[in-house]
1. Take residue 87 and tell me if it is farther than 17 Å from residue 282 by Cβ and buried (at least 16 other Cβ atoms within 10 Å of the Cβ).
2. Which one of the conditions (1) outside any loop (DSSP other than H, G, I, E, B); (2) within 26 Å of residue 4 (Cβ to Cβ); (3) modelled with pLDDT under 95; (4) not aliphatic (A, V, I, L, M) does residue 135 fail to meet, given that it meets all the rest?
3. I need a count of the residues in the range 133-160 that are farther than 15 Å from residue 66 by Cα and not basic (Lys, Arg).
4. Between a first residue in the range 262-278 that is closer than 19 Å to residue 224 by Cα and a second residue that is of a type in the set (Lys, Arg) and assigned to a loop (DSSP other than H, G, I, E, B), which pairs have beta carbons less than 8 Å apart while being 6 or more apart in sequence or on different chains?
5. Which condition from (1) in contact with a Lys or Arg (Cβ under 8 Å, 6 or more places away or on another chain); (2) modelled with pLDDT of 95 or more; (3) within 21 Å of residue 126 (Cα to Cα) is the one that residue 276 breaks?
6. Please specify each residue of the range 254-291 satisfying the condition of being of a type in the set (Asp, Glu) and surrounded by fewer than 20 Cβ atoms within 10 Å (Cβ to Cβ).
7. Does residue 173 fit the bill of being crowded, with 21+ Cβ neighbours inside 10 Å, in contact with a strand residue (DSSP E or B) (Cβ under 8 Å, 6 or more places away or on another chain) and without any contact (Cβ under 8 Å) to a residue 40 or more places away in the chain?
8. Just give me the residues in the range 55-102 being more than 24 Å from residue 140 (Cα to Cα) and not in a helix (DSSP H, G or I), in sequence order.
Amino acid sequence: MTATSIVPPQSLALDGFALGGTVPAKVEKLARRLLGQRNTDCTMVKRLRRYRHATADGLGQMTVRTPTRTQTVYYRFGTSDEDVIWQIFGGGDYDLTRLRRFNDIRRFVDARHAMGQRPLIIDAGANIGMSAVFFALTFPTARVVAIEPEAANFALLVRNTKGLGVHCVRAALASQPGHVTVRDGGEGPWSFRTETSAAPGGIPCLTVNDLLAEHLDIDVFPFLVKIDIEGAEQDVFSRNTDWVPRTPVIITELHDWLLPGEGTALPFLRCVSALDRDFVYLGEDVFSIDNRLGV
């Protein structure tokens, strides 16, 4: 392989969405001053953003640029889509360079890369695809599999990852095969939750083991599984977890804060506590890293 195995997230740039000290951010700041508004979400500023960046179908449009490519992505104005963009591209939620173990991770990926292998990244709870875009751009040789059960989110996921080679699957991650229904969690498009369904015709469930069996190959190795599935991690880590020790990096958002008293984090904690892995909490996410990477 000749392509770079890891593109530093710091080299990513956004056009069409205000982050940090970018020109769009400065324009919005000036607009707020002229309007006497401190609130970054004030109605007039949102209207200005919508006027400048809306597409024909009413969606927001922006581009994510690396030194070698540009990806156009779309989002819904005034929804949690904007929060997702801020968290991933502004807050660096999935930026592995924040970890003290990053050099171990980079050496591991580079060594496999030198052997002609590329990493497999599973993105469960992919929402509208911002995390899948982030992974595909920062790990340009990776095979990225993005899973999302909700129909409208999935449609944007497919649209946003077009041309990146991301394999999109409309399904729910679970510990065993079955079907689920999707219900609104009441906090925007990033809060949809799944419930087990006995009736046929629901959204199919896939396990991490299923995905590894389908996508691993002689030139593809297990690397990273990201799980943000609004409490359903309780089921995913409850059984059939032989994939966990095979996965060098696992990123999970735990949802005890959202579902107090339900013990949604317990299966994950029991699972990883028995293994030789680091446990690092950054922001909303837990990073579980295999300690054998540096060996």
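The values are calculated or read from the model by the stated rules, or taken from the named source; none is laboratory data. Keep in mind that what you see is a predicted model, and the values were worked out from it rather than measured. With ideal geometry, Cβ positions are generated from the backbone for all residues, glycine too; neighbour counts draw on all protein chains shown.
1. no
2. (3)
3. Of the residues in that region, 17 qualify.
4. Qualifying pairs under 8 Å: 276/292; 278/101.
5. (3)
6. Residues of the range 254-291 of a type in the set (Asp, Glu): 256, 262, 276, 278, 284-285, 290.
The answer is 256, 262, 276, 278, 284, 285.
7. So residue 173 does not fit the description; no.
8. Result: 55, 56, 57, 58, 59, 60, 76, 77, 78, 79.
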